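What follows is calculated from the coordinates using simple rules that are stated; it is not laboratory data. It should be emphasised that the depicted structure is a prediction, and the values quoted were computed from it without experimental measurement. When we count neighbours, we look across all protein chains shown, and the Cβ atoms used for this are built from the backbone with ideal geometry, even at glycine.
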Amino acid sequence: MPPEPRSRDVILQRLRRVTGAVRPQAPFLPRPVMRLAGESQSLAQQFGENLAAVNGGYELLDRRDAVTARVMQLVTQWNDETAERTVLSWSADELPVPGLSQTLERSGVTVCAPIDDHDGDIRARAARATVGLTGVDAAIATTGTVILASGPGKARVASLLPLRHIVLVPTSKIYPTVEAWVRERRAANSLRTLLSESKQVVFVTGPSKSADIELTLTLGVHGPRAVHALIFDDGSPR
Amino acid sequence: MQVDVSAPFDTRVRQALGDEHLRVALDRATSRLSTRRAEAMAAIDGPQLRDDARAVRQEAIDRLPTLLEELEQNLTDNGCQVHWAQDAAEATRTVREIAERARVKRIVKSKSMVTEEIRLTASLERAGLTVTETDLGEYIIQLADEPPSHIIAPVIHKRVEDVSELFHNTFGTAPTLDPSDLCATARSQLRGRFLDADMGISGCNFAISETGTICLITNEGNGRMVSSLPRLYVVVLGIEKVVPTVEGAILLWQAAARNATGQNVSVYFSMNSGPRKKGHPDGPDEMHVVLLDNGRSRVLERGYGEALLCIRCGACLNACPVYRHIGGHAYGQTAYNGPIGAVITPLLADDASAAKELPFASSLCGACRDVCPVKINLPRLLLDLRRDMAESGHAPVTERAAMRSFARVMQSARARDRAVSAARWLTRMKLLPPIRTWMRSRVFPGFARERFRRLWSSRARRAGKSSDAS
């Protein structure tokens, strides 16, 4: 008796019979959905306002130097409910502000940048942190979205587990639209590599929310209840 | 009164219509979602978005076998283990075996229609596994032991009071009318489940073939949790979910958000391309992808490929006057309800007579077609299904007999005249069983006082007289 054909082959054969031969052609490329509101506002301003429109927060800082002090203030303000001041963070090298982690540590804040989250101790500590701290791979002005790629030094949990997420956004990483970001990645031949090397690329647009109960908006269902962007001019053009 | 999803169709509809709370909840929710959708589509070039979204999906279905092979190759290159399943039994067995091999005990699931379709949770629970739904709405109905009643808002049928009582009875929390309190309870209950789970399971909104990427749309963040925290991550997806390019997936993400909830984009859009690599701080150690047919190739064979373009936004439910009155449970034991459910539930079923009432549960008003982001001609598909059912003998006996006599009578003027006279009497006697059944859900227009043929001949006589006078 011949072996039973594998499900894969059965399914593909059935589909082939119906779809027949389709001439290979260049894939259809959709047009951008949103446009920038206008030229009068900077990308940074529009990014911030669109993030605020989806219940996020933002501040425009004029210098990179101002970031550290502001992060410190926020951590103190948000951590006063608990005795332990723990920040769940990307590693120092991955944050766009040099020396930030070290300054926090020196001020008595425990900075937890997981090396391996499957280690039980790290996970327990990560789960207790009330503030998360990350940079961005890109930010999108029209939607107020931040794009975060995971990878070495860039723990997924930092933007996911804590109740509050501070996201550091250098202006050089802000793109007008999500389509513009993809186009640039595609042109640089780095789109596929980014996805397959990072394993998870996530677009985050504001705090976690649900409207499951009577369509009433509630924030912080599973992810952070607050997403707060500190936008600063890093002086390097994109 | 609750709708019993396993009761006959007529009973389900009667139960739904008799439930005053349900009517109010449905009316409120569907009108708000419809308004938000309309505003979100008016804020951009809506027709362009629909044209482009349709084109992306059409290309995917036209090139389905090729794209699936490409997807399989790229998923494998990304380190995923790919499984194929012809039906629900094979898919659930596959997931169960993955769990058994890895000695999994606790599973967290994010909302997924395809796993509802194959009743995955029940199958895993029978195997002794603990499965927790983590979408807030799905979690509520899991606690209440009910099926979802809307594709994107599964507890659309529950009031805040109902949820409060459920949580009070389950966790002993204080009664509250504030959804944020209920949300906080769910957050703390579910956080531990996420951290302790050995395996995460999700569906998939789009699978990008060119990169081997599984895309998940969520607002709550549970999709990120199940794909990031447990050691194992299993994705179950219908084979129609494939999309050729990253650009296509990003377009459909925006189309789905605008049409489902009226958002520009969802809070989270996760693109997962395999298990974590060495040196990554987190992410699953293993990622499995189950490609499920379960009737989809048959949908194509029967010429209903258009139904596979659907991106499950739920806009057609909110627009449908029938859904807005009866809600999701009246559609029976199916994961998919509303107009798209009335099309794909009978199509996906093995048995041609299954859910045979659903294509008839529509007034064919076309509201669903007008809101569909991929422009599926739902009324056309419903009519085609009705024709198929009539031709294959699944229409009710009385209806078939009635249609046969109608055809005979209409072929002769004498017979028609006599039948019309008889019908005048019969419609007055509404109690006769076949007519009574038929008229229960229909308004029959009354006969005119004077018959047309008589009117016509008397007019002709009068016209003859007046022309004489001139």
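Grab the DSSP H runs of chain A that are 4 residues or longer, score each as -39,500 (n - 2.57), total them, divide by all residues and round the 222 nm result to the nearest 500 deg cm²/dmol. Walk me through the numbers before you get to the answer.
Numbers: 7 runs with 73 residues, N = 238.
Computed mean residue ellipticity for chain A: -9000 deg cm²/dmol.
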### Query
Based on the alpha carbon coordinates of the protein assembly as shown, what radius of gyration and maximum Cα-Cα distance (Dmax) apply, in Å?
28.7, 115
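Could you calculate the contour length gain from A:N189 to A:D62, that is, 0.36 nm times the residue separation minus the distance between their Cα atoms, to one decimal place in nm? All intermediate terms of the calculation are to be shown ahead of the outcome.
Working: separation 127, 0.36 × 127 = 45.72 nm, distance 3.29 nm.
That works out to 42.4 nm of additional length.
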### Summary
Links exceeding 32 Å between C-alpha atoms in this model, out of B:K109/B:K158; B:K105/B:K375; A:K173/B:K105; A:K209/B:K241; A:K173/B:K277; B:K277/B:K375, come to B:K105/B:K375; A:K173/B:K105; B:K277/B:K375
### Query
Roughly how tilted is helix B:338-348, in degrees to the nearest 10 and between 0 and 90, from the longest Cα axis of chain B?
80
### Task
Could you rank the peptides B:163-176, B:33-46 by their average count of other C-beta atoms within 10 Å per residue, with the highest value first?
B:33-46, B:163-176
### Message
Rounded to the nearest 5, what % of DSSP beta bridges with both residues in chain A are antiparallel?
### Response
30
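By average Cβ neighbour count within 10 Å, what is the ranking of B:286-292, B:354-360 from highest down? Let's see the in-between values first.
Numbers: B:286-292: 24.4, B:354-360: 20.3.
Peptide ranking by packing, descending: B:286-292, B:354-360.
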### Query
For region B:149-203, what class follows from the C-alpha gyration tensor (a ≥ b ≥ c being the square roots of its eigenvalues): rounded when a/c is under 1.5, otherwise prolate if a/b is larger than b/c, else oblate?
oblate
### Message
Once the cut-off is 20 Å, how many percent of the Cα-Cα pairs in region A:94-238 end up in the long-distance tail?
### Response
53
### Summary
Expressed in angstrom and rounded, the centroid-to-centroid distance over alpha carbons for region A:106-135 and region A:150-205 is 20
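As a check on your grasp of the helix formula, calculate [θ] at 222 nm for chain B: sum -39500 (n - 2.57) over DSSP H runs of n ≥ 4, divide by the residue count, round to the nearest 500.
On the way: 22 runs with 252 residues, N = 470.
Per the formula, -16500 deg cm²/dmol.
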### For chain B, Cys with no neighbouring Cys Cβ under 4.7 Å
B:C80, B:C183, B:C204, B:C215, B:C310, B:C313, B:C320, B:C365, B:C372
### Query
Counting alpha carbon pairs within less than 8 Å and at least 6 residues apart, what relative contact order, in whole percent, applies to region B:297-373?
32
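Can you give the FRET efficiency for A:Q77 and A:R125, using 1/(1 + (r/R0)^6), R0 = 22 Å, r = Cβ-Cβ distance, to the nearest 0.05?
With a Förster radius of 22 Å, E is 0.55.
Determine, for A:T193, B:T185, the number of other Cβ atoms within 10 Å of each Cβ, and report the residues in order from fewest to most.
Values: A:T193 12, B:T185 19.
With the fewest neighbours first, A:T193, B:T185 line up as A:T193, B:T185.
Determine, from the Cβ-Cβ distance of A:V22 and B:A413 and an R0 of 45 Å, the FRET efficiency 1/(1 + (r/R0)^6), rounded to the nearest 0.05. Could the numbers behind the result be given before it?
Values: r = 53 Å, r/R0 = 1.19.
For A:V22 and B:A413, the calculated efficiency is 0.25.
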### Query
How far is helix B:246-260 tilted, in degrees, relative to the longest principal axis of the Cα atoms in chain B, given as a value from 0 to 90 rounded to the nearest 10?
60
### Pairwise label distance in nanometres, B:R119 with A:V10, each label 7 Å out on the Cα-Cβ vector
2.0
### Task
Calculate how steeply helix B:378-391 sits against the longest principal axis of the alpha-carbon atoms of chain B, using the helix alpha-carbon long axis, and give the answer as 0 to 90 degrees to the nearest 10.
70
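For chain B, calculate the relative contact order in percent as a whole number, restricting contacts to Cα pairs under 8 Å that are 6 or more residues apart. Walk me through the numbers on the way to the answer.
On the way: 743 pairs, mean separation 94.6, N = 470.
Worked out over chain B, it gives 20 percent.
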### Summary
Between B:H168 and B:D51, the two model label points (7 Å from Cα along the beta-carbon direction) sit apart by a distance in nm of 5.6
### Summary
Among beta bridges assigned by DSSP with both residues in the protein assembly as shown, the antiparallel ones amount in percent, to the nearest 5, to 30
## Note on the structure
Taking every alpha carbon pair in region B:210-302 and sorting the distances into 10 angstrom bins from 0 up to the bin holding the longest one, the percent per bin comes out as 15, 39, 36, 10, 1
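Determine, for A:S91, B:S266, B:S202, the number of other Cβ atoms within 10 Å of each Cβ, and report the residues in order from fewest to most.
On the way: A:S91 17, B:S266 26, B:S202 29.
If I rank by nearby Cβ atoms, fewest first, I get A:S91, B:S266, B:S202.
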### Message
Please compute, for the alpha-carbon atoms of region A:171-231, the extent along each of the three principal axes and give them in descending order in Å.
### Response
45, 26, 18
### Task
Indicate, rounded to the nearest 5 percent, the antiparallel portion of the DSSP beta bridges found entirely in chain B.
25
### Task
Give me the number: length gained by fully extending A:A180 to A:L29, i.e. 0.36 nm times residue separation minus the C-alpha to C-alpha distance, one decimal in nm.
53.1 nm
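Subtracting the Cα-Cα distance from 0.36 nm times the residue separation, let me have the gained length for B:S188 to B:K278 in nm, one decimal. Numbers along the way, then the final one.
Working: separation 90, 0.36 × 90 = 32.40 nm, distance 3.14 nm.
Stretched out fully, the B:S188 to B:K278 stretch lengthens by 29.3 nm.
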### Label-point separation in nm, B:S405 to A:R70, each point 7 Å along Cα→Cβ
8.1
